[in-house]
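Report on the structure given below.
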Amino acid sequence: MMTVLKNELTLEITPHSMWAQKFWDELIPAKERVSQHPVFIGMANGTLKLECFRAALLNFYPLVAQFPSYMALALAKATQFNEAGVVPTRDWLIQNIKVEERHLTWYRDWAGGFGLTVDQLDHVTPPPAMNAVNHYLWSINHRGSLAECLAATNLAIEWATGDWSSHVYKGIHNYQNHPDVKIDKRSLAWLRAHAHYDDIHPYEAMELIKRLCEGKPELQQKAFHAAREGLEYYALALDECYKLQG
Ligand SMILES: [Fe+2]
C-alpha cells in the first residue's frame, strides 16, 4: 500500500492512478523472482556456500560500483525543464548519486569481511550472464527516455535490492561463526543502509515515473518494459551465480 511519505527533498508520494497501480502490481512477480531468489534466501538463512556467496559479492561489484554512473547518464538527459517531472527528477538524481558516494567503500568492506580484496573486486570481469545486467543498464541509460532510465535503474534494481537486503541483513549473523568471515559494524554498513534508508528510493522513482509518463500511454508501456527487463537481467545474473551452489 502506498502511504504519503516525504524525504528531505519533500518529494510527495501521491496515490497511484489506475495505470500506475497496474504498472506497479504487474512488476511484482519479476521483482519477487529477484528478491526471493535462492541466492538471497541462502544468504539470509546461512545455507549459501561461501564459494557462492563470494562469487555473488565479486560479480555484483560492477553493478554496485557503476550504479551512480548509470544515474549520471540519466541526469545528462534531464534538461527539458518545461516538461512535467523533469526538474524533480533532476534534483532527485543529483541527491541519489551523492548518497551512492559512500556505498562503494561500504560494499568493499562487506566483500572484505567475506575474504575478497579490493584488487580482486576492481579487476573482476563477471561471466556474461552476470554482466548482462550491466550492459543493459549502460544501454538503456544511454538510449532510453528519462522515464525508462528511472524504471530500469532506480525502480527495478533498487526495489529488488531493498527487499533482499533487509532479509539478508536480518540473517547475516548465521555466518558469524564461520572462520573465514568477519562480521562487524563496518562490514555490515552496506547491507544496513540498503535494508533501511535506501528502501524509499523505488517509491520515489515510481512517483517520478508517474509524473514523467502521465497522459503518455506509449511512454508508460516503454517504462514498464524497461523495469521488467532490468529485473529479468538481475534474475539471470542470480541464476548464473547459483550454479556454484551445486
Ligand atoms: Fe547503494
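Starting from the range 17-43, take each residue that is among the hydroxyl-bearing types (Ser, Thr, Tyr) and list its partners that are open to solvent by less than 10 Å² (accessible area, probe 1.4 Å), counting only C-beta distances under 6 angstrom and pairs at least six apart or across chains.
Between residues of the range 17-43 that are among the hydroxyl-bearing types (Ser, Thr, Tyr) and residues that are open to solvent by less than 10 Å² (accessible area, probe 1.4 Å), the close pairs are 35/160.
Is it the case that residue 122 is acidic (Asp, Glu), out of contact with any Gly (no Cβ under 9 Å at 6 or more places or on another chain), away from the ligand (no atom under 16 Å from the Cβ) and closer than 16 Å to residue 60 by Cβ?
The answer is yes for residue 122.
Looking only at the range 164-189, which residues are touching a residue at least 60 places away in the same chain (Cβ under 8 Å) and part of a helix (DSSP H, G or I)?
Hits for the range 164-189 are 164, 167, 168, 170, 171, 172, 174, 175, 189.
Which helices (runs of 4 or more DSSP H) sit wholly inside the range 79-163 and have at least 3 residues that are among the charged types (D, E, K, R)?
86-100
Restrict the check to the range 48-70 and report whether at least one residue is in a helix (DSSP H, G or I), within 16 Å of the ligand (Cβ to nearest atom) and under 18 Å from residue 223 (Cβ atoms).
Yes, the conditions are met somewhere in the range 48-70.
Kindly check whether there is at least one residue in the range 1-18 that is at pLDDT 95 or above, small (Gly, Ala, Ser) and open to solvent by less than 40 Å² (accessible area, probe 1.4 Å).
no
Taking the criterion of being of a type in the set (Phe, Trp, Tyr) and in contact with a His (Cβ under 8 Å, 6 or more places away or on another chain), would at least one residue in the range 107-127 satisfy it?
Looking through the range 107-127, none of the residues is of a type in the set (Phe, Trp, Tyr) and in contact with a His (Cβ under 8 Å, 6 or more places away or on another chain).
Which condition does residue 149 not pass, out of (1) touching a Lys or Arg at 6+ places or on another chain (Cβ under 9 Å); (2) surrounded by fewer than 22 Cβ atoms within 10 Å (Cβ to Cβ), if it passes all the others?
(2)
Could you tell me which of the residues 197, 234, 169 is within 16 Å of the ligand (Cβ to nearest atom) and at pLDDT below 95?
After ruling out the rest, the residue left standing is 197.
The values are calculated or read from the model by the stated rules, or taken from the named source; none is laboratory data. The model shown is predicted, which means the values in this text are computed figures rather than measured ones. Counting neighbours? That spans all protein chains shown, and the Cβs are built from the backbone with ideal geometry, glycine included. When the accessible area is computed, the model is the full protein with side chains, heavy atoms only, and any ligands, DNA or RNA have been set aside. Shrake-Rupley method; radii C 1.70, N 1.55, O 1.52, S 1.80 Å.
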